[in-house]
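Below is one structure, written out as structure tokens, with a few remarks after it.
The values are calculated or read from the model by the stated rules, or taken from the named source; none is laboratory data. Just so it is clear, the structure is predicted and the values come from calculations on it, not from any experiment. Don't worry about glycine lacking a Cβ; one is built from the backbone with ideal geometry, like all the others, and counts go over all protein chains shown.
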Number of protein chains: 2
Amino acid sequence: MGWNKVAIVGVGMLKFGEHFDKSYEAMIGETYLAVLGGVQKGIDPKDIEAGWIGTCIGSLMGSELISGSMLSGIVGLAGIPVTRIENGCPTGSDTFRNACMGVASGLYDVAIALGVEKMREKTSDEGLLAIGSAGHPVLMRGGTAPAQFAPQATRHMHEYGTTKEQMAMIGVKNHYNGTLCPYSHYQYEITVEDVFKSPMVCWPFNILDCCPQTDGGAAIIICRADLADRYTDKPIYVAGLGMGTDYQFAAEKESFTEFVASQRAAKQAYKMAGIGPEDIDVAEVHDCFSITEILDYEDLGFCEKGQGGKFIEDGSSRIGGKVAVNPSGGLMAKGHPLGCTGLAQLTELVWQLRGDVIPTQNEKRQVEIKKGYALQHNVGGKGVANSVVTIVTNRKD
Amino acid sequence: MGWNKVAIVGVGMLKFGEHFDKSYEAMIGETYLAVLGGVQKGIDPKDIEAGWIGTCIGSLMGSELISGSMLSGIVGLAGIPVTRIENGCPTGSDTFRNACMGVASGLYDVAIALGVEKMREKTSDEGLLAIGSAGHPVLMRGGTAPAQFAPQATRHMHEYGTTKEQMAMIGVKNHYNGTLCPYSHYQYEITVEDVFKSPMVCWPFNILDCCPQTDGGAAIIICRADLADRYTDKPIYVAGLGMGTDYQFAAEKESFTEFVASQRAAKQAYKMAGIGPEDIDVAEVHDCFSITEILDYEDLGFCEKGQGGKFIEDGSSRIGGKVAVNPSGGLMAKGHPLGCTGLAQLTELVWQLRGDVIPTQNEKRQVEIKKGYALQHNVGGKGVANSVVTIVTNRKD
């Protein structure tokens, strides 16, 4: 039915949060150990023939050259080829996508995709001051992330009657989910009132409409689908890989109530998987701001255009709803360390599809798997013009 | 014989040099037009289904987020997936490698790999000052590129009797080749005496032992090998793709007279192509410093270990020698804009293999093609621990 050339045989991640006590190198090492431990039947590291590492902030904020050898050298795999991907918010998911192409190309039988990010290593002041001294071309003019997403919120409110209450409900749902997930950065519930009372960042976003700055690491081991049995009894197959782009600058965009990059990525992934949005049991989507998840519902086809606000309000996206969205807590509660966000989303989906959540974690978190498909989504990068959508399945057909 | 799943159907590059008059965006656009113009039978841009962009300096020096949509948005391909690769000195060649895997995976029939870099946009002072203010963890401690490569030179001199004269001959050869190549940054000949008289950078490197800082852009269009006839009568096939890594830190390295990352990359590429070093007619290799090209001769198997100095001295690597190395002028004369260096090296090799140099450029530049194989090589990244080797051929078998 789908593509199914590549199987996920192991996933692993660090608890997201503040890791001031760990070096970047240590986080790579711990993430690597986590994914090795996540391979059910075990794996000899020598089986891993190639790697892809996703990481942004070292170069972006620290002006530090980070190349692929960072991964292989630290974990004792020095020698294997390692590509470094840096592609804005979808860095982690694009890292996975390129690793999948590497295996599907026939060049490598087994590969690792690993992402790691220390977003908290510099205080916001230090980071911004350093950038200011170098004359940052965008941030110096106010083009911060909240200011880039806010026009989507105000226009969606204007055209479709989406309310600030509905936006707040995204945070309420995702923070609740985060309390169930042991890997989530934040572990407390919030109310709509809490969101309204929290400091205003950029109208209409209060700070609880925004995801935090989080350190994290996540990794996935993949192999040729026909070799999956060596490593696990529960392989998860890659059914669809989509990526879309859009124009970067506001003046070039046709609409402020959608992300066409997401729509393009979703279209490719659904087509490749041979399924539609109605086949998705569980999704991990990009909720960097509350409005983003509402647009995602529409862009990914979970509801009609303009109905995203209603979709959160009527409970369609909660665990147990029509499609469980962000059962991990999402970017908003679990966190968003760019280089590994997509890989951590896929880790959650693999756990959900395998039914692994119940034995090892909080059983309230386990989504009922009916159709057997899960969807991962990121949108971001310069001008919110890059999106990746990945569809994975526990179905071999 | 080789892999031959992917064909190069178009190459194009900008003249390397100082492009203060052109924006980064303009250079992407001009490089794109150059590669479209480089497709013999023409190509409808709508045929291009996916892209990979290689670029480093924007994030590294400018703290600017650059994502894949930078490429697609500017050239009117907004919509197609674009991955951004940043992987130190082999960024351009790894961009090509990932594009090849994308096509070989069956996901895309036609793809573009484009690299662009504005190395000269900031003066050295501005760049270093900006980095200094952010507290660069490596450069602040003197770990600049010349200081990383110098121990290889002194140890090679000590163990194998390699001389400073032999190193200087690398620059003499490559600057001469550069005078023949219309795309080369530098267009003047130098002598061994010129090298010795030029300012000392870091013993044993005078400044003419070092490659310059250069702006540039280069791009390649590839497709499934069986579709190549649509676009050209002279397809060049990708025969081997190798990439190797090593430990990053000096204290971890086993030897200072070789780059094991290069050896590993070469081994993979030769194996995949089913050939050996003796089958290479022409090579574009990494000569960031004079000693690097001498080590390359040995690491790539063009001569025995320790004989690299003799290999340059006896003329084996000149145009007309045993294997023509860096007929374009190499990094030392043509230039080294990280994101596109590998793509520009491959562009030169495609011209050489097709015999295109004679009709359009200086006929003295044309290497005699006997076996039909050409080799591209980069080594670098953090700790000189990443290497890519690509083998291309005009042979269909």
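Residue-level check: of (1) more than 9 Å from chain B (Cβ to nearest Cβ); (2) modelled with pLDDT under 85, A:A113 misses just (2). Can you name the residue in the stretch B:232-252 that is more than 10 Å from every other protein chain (Cβ to nearest Cβ) and in a loop (DSSP other than H, G, I, E, B) and is also nearest to A:G73 (Cα to Cα) among such residues? Filtering the stretch B:232-252 for residues that are more than 10 Å from every other protein chain (Cβ to nearest Cβ) and in a loop (DSSP other than H, G, I, E, B), the one nearest to A:G73 (Cα to Cα) comes out as B:P235. B:F302 - would you say it is buried (at least 17 other Cβ atoms within 10 Å of the Cβ) and assigned to a loop (DSSP other than H, G, I, E, B)? Yes; evaluated as a whole, the condition is true for this residue. Report whether or not B:S63 is at positive phi and either in contact with a helix residue (DSSP H, G or I) (Cβ under 8 Å, 6 or more places away or on another chain) or at pLDDT 95 or above (or both). Criteria met by B:S63. Does the stretch A:65-72 contain at least one residue that is surrounded by fewer than 23 Cβ atoms within 10 Å (Cβ to Cβ) and more than 7 Å from every other protein chain (Cβ to nearest Cβ)? There is no residue in the stretch A:65-72 that is surrounded by fewer than 23 Cβ atoms within 10 Å (Cβ to Cβ) and more than 7 Å from every other protein chain (Cβ to nearest Cβ).
Every residue, every condition in (1) more than 30 Å from B:I53 (Cβ to Cβ); (2) touching a Gly at 6+ places or on another chain (Cβ under 6 Å); (3) in the same structural domain as A:A113 (by TED's automatic domain parsing), yes or no:
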residue: A:S316; (1), (2), (3): yes, no, no
residue: A:K322; (1), (2), (3): yes, no, no
residue: A:Q345; (1), (2), (3): no, no, no
residue: A:I358; (1), (2), (3): yes, no, no
residue: A:Q366; (1), (2), (3): yes, no, no
residue: A:L375; (1), (2), (3): no, no, no
residue: A:S387; (1), (2), (3): no, yes, no
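Can you find even one residue in the stretch A:184-192 that is over 28 Å from A:M13 (Cβ atoms), in the same structural domain as A:T341 (by TED's automatic domain parsing) and modelled with pLDDT of 95 or more? So far as the stretch A:184-192 goes, yes, one or more of its residues are over 28 Å from A:M13 (Cβ atoms), in the same structural domain as A:T341 (by TED's automatic domain parsing) and modelled with pLDDT of 95 or more. Looking across the stretch B:74-101, the residues that are assigned to a helix (DSSP H, G or I), over 15 Å from the mean Cα position of the chain (by Cα) and more than 8 Å from every other protein chain (Cβ to nearest Cβ) come down to B:I74, B:A99. Scanning the stretch B:1-35 for residues that are aliphatic (A, V, I, L, M), in contact (Cβ under 8 Å) with a residue 40 or more places away in the chain and assigned to a helix (DSSP H, G or I) gives B:M27, B:I28, B:A34, B:V35.
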